[in-house]
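The values are calculated or read from the model by the stated rules, or taken from the named source; none is laboratory data. Because the structure is predicted, anything quoted here is derived from the model rather than measured. Here the Cβ positions follow ideal geometry from the backbone for every residue, glycine too, while neighbour counts run over all protein chains shown. For the accessible areas, the whole protein counts, side chains as well, though only heavy atoms, and no ligand, DNA or RNA atoms are used. Shrake-Rupley method; radii C 1.70, N 1.55, O 1.52, S 1.80 Å.
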Amino acid sequence: MRGNITLIGFMGSGKSTVGRLLAQRLGWRFTDTDHLIEKVVGCSIPTYFAMEGETAFRDKETTILLGVTAGERQVIATGGGAILREENVAALRTSSLVVYLTTRPDVLAQRVARRPGERPLLTAGEEPALTLILRMLAARGPLYQSASHVLVDTSDRAPRAVVEEIVRRYQREDT
Ligand code: S3P
């Protein structure tokens with residue numbers, strides 16, 4: 001039986017929102033790796049990207065991920081790029097049921113627009129967010145798919161409905 005549930009998916013797929021509710025529902029700890037990184041580096045993720053660059057961020061992300069996967073009874077919300085390194089994926093898959101939150105690109109674009117400036121990879125250039133999202137999804141989609149044990153769509157559903165589906169899938173995987 002896997003001791004954790006990890007949520008992966010693109011920026012705006014609902015990992016933090018669903019993760020917090022899912023942890024409450026199960027009575028488990030909620031671990032948000034982006035928040036842990038911000039605590040460790042002492043500044044926001046956009047500031048850290050601007051000062052140190054993406055590779056430094058990915059190194060911190062791997063250190064944090066490998067650390068948290070040692071725990072149990074936690075819902076782990078990852079950053080959207082957590083699947084970019086094989087060692088991250090291996091640690092997540094061993095320790096967790098890995099759930100890929102899938103979301104239509106137009107919905108992702110709407111959601112990320114609500115918090116402008118929070119996602120350095122979507123605010124760097126002149127291109128509209130949807131164009132960037134489509135390009136990044138083409139590259140990352142197969143990685144999310146192969147890293148995950150189950151897929152759950154979040155496009156037009158309330159977070160609590162998503163939570164209930166994940167609980168059902170977790171229980172089914174466990175039997
Ligand atoms: C990233 C996603 C972000 C954050 C960082 C990089 C990515 O997390 O880790 O800006 O590469 O997709 P969210 O998916 O929680 O926005």
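Tabulated values for the structure
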read-out: Selection within segment 126-175 - over 17 Å from the mean Cα position of the chain (by Cα), crowded, with 17+ Cβ neighbours inside 10 Å and of a type in the set (Gly, Ala, Ser); value: Ala129
read-out: Matching strands (runs of 3 or more DSSP E) fully within segment 1-108 where at least 1 residues are open to solvent by 10 Å² or more (accessible area, probe 1.4 Å) and more than 10 Å from the ligand (Cβ to nearest atom); value: 29-32, 96-102
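Per-residue answers, yes or no, for (1) within 13 Å of the ligand (Cβ to nearest atom); (2) part of a helix (DSSP H, G or I); (3) without any contact (Cβ under 8 Å) to a residue 12 or more places away in the chain:
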position	(1), (2), (3)
Val112	yes, yes, no
Glu126	no, no, yes
Leu132	yes, yes, yes
Ala139	yes, yes, yes
Gln145	no, yes, no
Leu151	no, no, no
Val162	no, yes, no
Arg169	no, yes, no
Arg172	no, yes, yes
